[in-house]
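Visitor: Structure below; questions to follow.
The values are calculated or read from the model by the stated rules, or taken from the named source; none is laboratory data. Computed from a prediction, not measured in an experiment: that's the story for all the values here. Glycine gets a Cβ as well: all are built from the backbone with ideal geometry, and neighbour counts include every protein chain shown. All accessible areas refer to the heavy atoms of the entire protein, side chains included, with ligands and DNA or RNA removed. Shrake-Rupley method; radii C 1.70, N 1.55, O 1.52, S 1.80 Å.
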Amino acid sequence: MLVDNIAPDLEKIRDGQLFRLLPCQLRYIWDDSQILGVEKGRQLGFTWISAYKILRRIFTANVAQDHYWISRDEFTAKLFLQDVITWINYLNTFRNHKKEFTTDVVDLGKEVQALRINFPNGCSIFVMSSSPNAIAGKRGHIYIDEAALHKDFRQLYDIAKPAIRWGYTLTFFSTHRSKQNYFFKLIKRIKDGEIPNAKSMTITLEDALNEGYLNTLNAKNMLIGRRIYKDNLEFFEEEKAQSSSEEIFLQENMCVPADADSSQAVTEEELDKIMCPPFEIYSPPVSGKKYYVGIDIGRNRDLSVFWVCEDVSTAAAPMLETRFIEVMNKVEFAKQERRFAELLLQWRPQKCFIDGTNIGAQIGETLAKRFPFCVDAKFTATTRPRYISDFVSFIKREPSCMKIPETNEVWEDFLSVQRFINKHGKEDFFIPSHKERGHGDRFIGAVLCLQAFLSKGTLARYTLEKDYTVQKAKPEKPRRFNKNRFKH
């Protein structure tokens, strides 16, 4: 039976007397598929409307049913619980408006426990974190939030699936996190018709904007004194420009998972634009010039590289020209240190970044103590992709802002760098090792040289753009942005 005939009040709230939900949100709320997988853009309100979806089911239930909400962590689970309580408060307020004798649909002070809400008709909502063991042995409706972010979504799905056998449903939704994730593979299986009684739903930022998302966002921004966007296109373009790359933007907003397969970080066409014959750019040190140095240190398999650039920037655009490169192969560390010291005394750079990671630690530390302009830089899981990303975006700038020597060794080193999106949805890079050519060491030397240049704040008046052209296989049905798709 209905809970005190509360369903009509809930529908009045949904129909716009208090809230105006988007058509894409309503399609999700009213979908009762046995298995429903939703791929969506970020911040489209799905956790919030999921609370409404569950309450609708509870208030129209003929028998007692349990609902299990699974979040990636306990903190996020508690946020969902707050969303449910907020909807109940809305319902209580709506129901008792202008009434002398008030009654509550749910006594929040009595029925809300730590991570559970009990309802008068025997239904309950249980909120839990992502441990697969937590759902084992349960039966009821299952909802999995941010499925792609769970540590082992495959195992979680396998354990949750039997819990719906007795007439219940399994709903999971998420933004993609590359094609390596099981969420992507499961959505693909559903789309291909491999899972019976399963349905997929795709809701992008573009879909939401065409259905009135910007009106809701502007109303919120107006209340808190934030910027008001004039139209969908302005907001869309700003979101795209603020993303680290087009690939990540499409993944986070347009349901196009970032391809985990690697692609060239720098293309041949891009190298052609910045390469010059060595005799045109190489020159000896000149007093008063602004030089920057990057030093990559190797020993047996890897090469050691001393890369020098001169800052010849103008007021209109930055420009670095390579003036000198020295490479050492299988040279003792003591000799390397002496040679680097000699070169640093000759060039007297404004700044020098040295790869002080692993085998380069001792040389990096010693030179940093001896020369105040030297920095003992460490390549970590955080700094390495950031350094390389800065360099790749710098040499892709238009017009060109760097000149490097046109040699086979530099050409091969730069083209060996592979860019990919890792399983966490982050940009990363891979450089294969080669017996004769080293490990992309000339490229790393140039990367460190640029970091030395950036560390002086020399790009403060310029914008470091990150607009990559990624060479990779296109998705089967790419959802590329087309400004003409927006409704007016």
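Visitor: Calculate, in nm to one decimal, what Thr314 and Ser393 gain on full extension: separation in residues at 0.36 nm each, minus their alpha carbon distance.
Guide: Details: separation 79, 0.36 × 79 = 28.44 nm, distance 1.92 nm.
Stretched fully, the Thr314-Ser393 segment lengthens by 26.5 nm.
Visitor: Moving on. Would you kindly state how much longer the chain becomes between Asn358 and Ser129 on full extension, computed as 0.36 nm times their sequence separation minus their alpha carbon distance, in nm to one decimal?
Guide: In short, 78.6 nm is gained.
Visitor: Now a separate question. For segment 329-386, with all protein chains present and a 1.4 Å probe, just round the carbon and sulfur fraction of the accessible area to a whole percent.
Guide: Answer for segment 329-386 is 50 percent, counting heavy atoms of protein chains only.
Visitor: Estimate the FRET efficiency between Glu406 and Glu238 by the formula 1/(1 + (r/R0)^6), using the beta-carbon distance for r and 41 Å for R0, to the nearest 0.05. All intermediate terms of the calculation are to be shown ahead of the outcome.
Guide: Details: r = 39 Å, r/R0 = 0.95.
Once rounded, the FRET efficiency stands at 0.60.
Visitor: Could you do me a favour and compute the accessible area per residue for segment 185-279, 1.4 Å probe, result in Å²?
Guide: On the way: 4730 Å² over 95 residues.
Value for segment 185-279: 50 Å² per residue.
Visitor: Label points 7 Å out from Cα along the Cβ direction at Asp272 and Arg370: separation in nm?
Guide: 4.4
Visitor: Based on the Cα gyration tensor of segment 172-256, what are the three equivalent ellipsoid semi-axes, each the root of five times an eigenvalue, rounded to whole Å and given largest first? Intermediate results must be reported in sequence, preceding the final value.
Guide: Numbers: eigenvalues 184, 48, 20 Å².
Largest first, segment 172-256 gives 30, 15, 10 Å.
Visitor: Ok, one more. Calculate the spin-label point distance for Ala334 paired with Thr86, positioning each point 7 Å from the Cα along the beta-carbon direction, and give it in nanometres.
Guide: 6.8
Visitor: On to the next question. Quick one: what does P(r) look like for segment 315-403 with 10 Å bins over all Cα pairs, in whole %?
Guide: Binned Cα distances yield the sequence 14, 39, 37, 10, 1.
Visitor: On full extension of the chain, what length is gained from Ile228 through Val63, given 0.36 nm per residue of separation minus the C-alpha to C-alpha distance?
Guide: 54.7 nm
Visitor: A follow-up question, please. Sorted from largest down, what three extents in whole angstroms do the Cα atoms of segment 15-70 have along their principal axes?
Guide: 32, 29, 18
Visitor: Another question about this same structure. Could you tell me, in Å, what Rg and Dmax come out for the Cα atoms of segment 334-379?
Guide: According to the Cα coordinates of segment 334-379, Rg and Dmax are 9.7, 27 Å.
Visitor: Semi-axes of the equivalent ellipsoid of segment 211-369: what are they in whole Å, largest first, if each equals the square root of 5 times a C-alpha gyration tensor eigenvalue? Could you put the intermediate results ahead of the total?
Guide: On the way: eigenvalues 413, 85, 64 Å².
Semi-axes, largest first: 45, 21, 18 Å.
Visitor: Within 10 Å of each candidate Cβ there may be at most 16 other Cβ atoms; applying that plus a DSSP loop requirement, which chymotrypsin sites (Phe, Trp or Tyr not before Pro) in segment 258-349 survive?
Guide: Loop-located and lightly packed - Tyr282.
Visitor: Carbon and sulfur together cover what percent of the accessible area of segment 221-282 at a 1.4 Å probe radius?
Guide: Details: 1550 of 3200 Å².
Ligands and nucleic acids excluded, carbon and sulfur give 48 percent.
Visitor: Which order do the peptides 194-201, 182-189 come out in when sorted by mean C-beta neighbours inside 10 angstrom, highest first?
Guide: Packing proxy ranking, top to bottom: 182-189, 194-201.
Visitor: Can you list, largest first and rounded to whole Å, the semi-axes you get for segment 355-403 by taking the square root of 5 times each eigenvalue of its Cα gyration tensor?
Guide: Square roots of five times the eigenvalues give 27, 14, 7 Å.
Visitor: Another question, then. May I ask you to list the chymotrypsin sites (Phe, Trp or Tyr not before Pro) in segment 22-65 that are in a DSSP loop and have at most 15 other Cβ atoms within 10 Å of their Cβ?
Guide: In loop regions of segment 22-65 (DSSP not H, G, I, E or B), the sparsely surrounded chymotrypsin sites (Phe, Trp or Tyr not before Pro) are Trp30.
Visitor: Now for a different question. Give me the Debye-computed log₁₀ of I(q)/I(0) at q = 0.23 Å⁻¹ for segment 247-315, equal point scatterers on Cα only, no solvent, two decimals.
Guide: The computed values of log10 I(q)/I(0) come out as -1.13.
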